[in-house]
1. Just going by the charge dipole of the chain, with Lys and Arg at +1 and Asp and Glu at -1 on Cβ, which of Thr73, Ala37, Leu56 is farthest out on the positive end?
2. Could you work out what % of the accessible surface of the chain is carbon and sulfur, using a 1.4 angstrom probe and leaving DNA, RNA and ligands out of the count?
3. Please report the orientation-averaged projected area of the chain, defined via the convex hull of its C-alpha atoms, in nm².
4. With label points built 7 Å along Cα→Cβ from the Cα atoms of Ala80 and Arg39, find their separation and express it in nm.
5. Quick check for me: using +1 on Lys/Arg Cβ and -1 on Asp/Glu Cβ, what's the dipole size of the chain about its Cα centre, in debye to the nearest 20?
6. For the chain, find the longest principal axis of its Cα atoms and tell me its angle to the long axis of helix 31-43, 0 to 90°, nearest 10.
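The values are calculated or read from the model by the stated rules, or taken from the named source; none is laboratory data. Everything numeric here is computed off the predicted structure, so don't read it as measured data. Every residue, glycine among them, receives a Cβ derived from its backbone with ideal geometry; neighbour counts consider all protein chains shown. Side chains included, ligands, DNA and RNA excluded: accessible areas come from the protein's heavy atoms. Shrake-Rupley method; radii C 1.70, N 1.55, O 1.52, S 1.80 Å.
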Amino acid sequence: DDTGSGPKITCSLCTRAVKKIQQLAGDNPDEDAVTAALRKGCRALGRALGKLCQRLVSHFQRQIRQGLQDGDTPRAICSAIRLCKA
């Protein structure tokens with residue numbers, strides 16, 4: 001859990017980050033496409049949000065990758081990792 005070190009990763013940040021990653025990964029992404037998108041997606045959000053995004057991705061990379069490959073919505077993925085209320 002977040003131990004109060006800096007800004008918190010919110011539901012809206014999570015959905016924005018996952019949406020950006022999803023756009024970069026394209027339709028029906030394979031694992032390589034998702035991995036590349038995870039790297040690029042956070043940079044596309046700018047410096048402040050990018051740092052939070054990097055933290056989000058490093059903590060939840062497996063769940064985000066799986067959700068994107070399963071075709072889940074960004075909101076569903078963020079709910080699954082408990083950053084959004086279902």
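1. So the residue furthest toward the plus end is Leu56.
2. 48 percent
3. The orientation-averaged projected area of the Cα hull of the chain comes to 4.9 nm².
4. Each label point is offset 7 Å from its Cα along the Cβ direction, giving 2.3 nm.
5. For this selection, approximately 500 debye.
6. Helix 31-43 sits roughly 40 degrees off the main axis of the chain.
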